[in-house]
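Report on the structure given below.
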Amino acid sequence: MLSFILGILFLVAGYHYYGGIIERILEPDDRETPAKKCADGVDYVVLPHWKNMLIQLLNIAGIGPVIGVILGIRFGAIVFLIIPLGNIIGGATHDFIAGMMSLRKNGANLPELIRGNLGKCYYWLFSVFMTVLLLLVVAVFINVPAQLFGGMLNDPSWFWYAVAIIFIYYIAATLFPVDKIIGKIYPLFGLMLLLGTIAIFGAIIFECDMVPDANLLSESLAFKENMWTAANNKPVIPLLFVTIACGIISGFHATQSPIIARTMETERQARSSFYGMMVVEGLIAMIWAAAGMAIYNLFPELMTANPNNVLVKITTYFLGSGWGGVTVIAVIILAITSGDTAMRSLRLSLAEIFKLDQKSFFNRMIIVIPLIVIVVGLLLWSNKDANSFNQLWNYFSWANQVLAASTLMAATVWLMRRKKNGLVAWIPGIFMTFIVVCYILWISKEHGGPLGFGMELHDAYWTAGAITAVIAVAVWVRGLFLRRRENSIPQADEN
């Protein structure tokens, strides 16, 4: 219980103190925002600050801070410390800088931000990689809520009906102006999410108070017998940071920040919209991690169960069938509200790459129709069997963190070019680069994951360390080179 409470307090204090440090480095001011400068009535539209915060929260949250931490808490109570530390230093910083980079470049999407800081060669490679990732996100965030919906009704035959309904909604949310669908329904969805999470938090605290000797938020003997360790092919490094993305750090968030960068009235809203909403996601992750720990201590046999089934058990045990059903619906909404904006972000990024103005509905359709065809193919393939979907999820998980490492390295160069403290992005960027390189070198079917190099863990650590060191030096040198080259450009000029 103590580590859980301390983690919550650390997140709150981190927003105030470390968030303030990052804000002073980035210096948001009163310059004209993209929403005013580039207003088009479709993607560049001024929205109220409270709506922007809720939209950003729902965009980034996905199912990571729920399903991801229900899985991730199997690593043990260390998760209660890693989530807040990683969130404040890594994830929230990542989101804040990515949002400010986009704000200062007319709401540019992530590939364009990569091009300006890491070069054209990496830009093209990254653009292809990000496109594939966002397609995986759309497919995953259609599949998971559809499965949860079918499970809630105890009728698997509803799965394909749910898939069709969710996908049709995604297409509409992608095509129509941001204030017509997303701007209208997200406040209601956000309220449901927050109420469901608060209800779970209250129920856990009540249960811990009623059964004080059970130590529900500690590692019981039964929990330790089944927890994930390096001995059973589940090492904390690198696997924890791939299993729990949302809540600690997620590269997917950097693809979502430009959506809000195009709807903000003033830069001074950036800290609460970007850094603040990631901290809120960290709080959500902590609460669901606590729920997972409690339910595994009460029912140790669930340690090997599907996380979707564990979610249903958590909600029904702590809240009953009524409130529990509402909370499952909130989680379904959580997934849907990331999938729709993932598809929208993909449209915006491809439009930027191919120079297609998006004010025209016809131009939007030109991009969206091929996406529909590809996503349908992914859905049919991923639902052939359970193994296909697991592969889809595994590739999405590590690819997501490749985006996080790339964004932080681009942010390092961006800050250095402006004579700012690049270390705040470089240090977490080095760590995440090590994580993804180590994961790719270590993972294999024998190690319980997708295709990889299958190295022994200690060999993967040493090799990843060497590769990461080379990348870290190269990024720092590039930042110094661009700073010197652009030394004559006034700091306020953004390009």
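The range 1-94 has equivalent-ellipsoid semi-axes of 32, 18, 10 Å, by the square roots of 5 times the alpha carbon gyration tensor eigenvalues, sorted largest first.
Magnitude of the charge dipole for the chain, about its Cα centre and with charges confined to Cβ atoms of Lys, Arg (+1) and Asp, Glu (-1), is about 1440 debye. Taking the 1.4 Å solvent-accessible surface of the range 394-471 as the whole, the part contributed by carbon and sulfur is 71%. Compute the acute angle (0 to 90°) between the alpha-carbon long axis of helix 120-152 and the principal axis of greatest extent of the alpha-carbon atoms of the chain; round to the nearest 10°. Computed tilt is about 30 degrees.
The long axis of helix 423-442 is offset from the longest Cα principal axis of the chain by roughly 60 degrees. Neighbours of Trp442, meaning other residues whose beta-carbon lies under 10 angstrom from its beta-carbon, give a summed charge of -2 when Lys and Arg score +1 and Asp and Glu score -1. Accessible area per residue for the chain is 38 Å², calculated with a 1.4 Å probe on protein heavy atoms, without ligands, DNA or RNA.
Size of the dipole of the range 264-412 about the Cα centre, Lys and Arg at +1 and Asp and Glu at -1 on the beta carbon, nothing else charged, in debye to 20?
On the way: 9 positive and 8 negative charges, 52 e Å.
Using Cβ point charges on Lys, Arg, Asp and Glu, the range 264-412 gives about 260 debye.
Given a 1.4 Å probe and the protein chains as shown, Phe201 ends up with an accessible area of around 70 Å². Probe radius 1.4 Å, ligands and nucleic acids ignored: give me the carbon and sulfur share of the accessible area of the range 223-370 as a rounded percent. Reported share for carbon and sulfur atoms: 62 percent. Against the criterion of solvent-accessible heavy-atom surface with a 1.4 angstrom probe, Phe481, Phe96 sort, most first, into Phe481, Phe96.
Measure up Lys36/Lys355; Lys51/Lys184; Lys105/Lys180; Lys184/Lys355 against 18 Å on the Cα-Cα distance and list the ones that go over.
Details: Lys36/Lys355 21 Å; Lys51/Lys184 9 Å; Lys105/Lys180 25 Å; Lys184/Lys355 29 Å.
Check vs 18 Å cut-off fails for Lys36/Lys355; Lys105/Lys180; Lys184/Lys355.
Within the assembled protein chains, the solvent-accessible surface assigned to Leu195 is about 80 Å², based on a 1.4 Å probe.
The order of His16, His253, His447 by accessible area, most exposed first and with a 1.4 Å probe, is His16, His447, His253. The separation of the range 188-205 from the range 71-96, counted between C-alpha centres, amounts to 20 Å.
Counting each DSSP H run of 4 or more residues in the chain as -39500 (n - 2.57), what helix-only mean residue ellipticity at 222 nm follows after dividing by all residues, to the nearest 500 deg cm²/dmol? Mind showing how you got there, number by number?
Details: 19 runs with 341 residues, N = 495.
Theoretical 222 nm ellipticity from helices: -23500 deg cm²/dmol.
Cys38 contributes about 40 Å² of solvent-accessible surface, heavy atoms of the protein only, 1.4 Å probe. Given R0 = 35 Å, the distance between the Cβ atoms of Lys224 and Val473 translates into a calculated FRET efficiency of 0.30. Compared with the dominant Cα axis of the chain, that is its longest principal axis, helix 159-175 is turned about 20°. In the list (1) 130; (2) 150; (3) 191, the label attached to volume of the Cα convex hull per residue in Å³ as derived from the coordinates here is (1). Each Lys and Arg contributes +1 and each Asp and Glu -1, all at the Cβ; summed about the Cα centre of the range 183-265, the dipole is approximately 460 debye.
The values are calculated or read from the model by the stated rules, or taken from the named source; none is laboratory data. Quick caveat: nothing in here was measured; it's all calculated off a predicted structure. Reconstructed Cβ throughout: ideal geometry from the backbone, glycine too, with neighbour counts over all protein chains shown. With ligands, DNA and RNA removed, areas are computed over all heavy atoms of the protein, side chains included. Shrake-Rupley method; radii C 1.70, N 1.55, O 1.52, S 1.80 Å.
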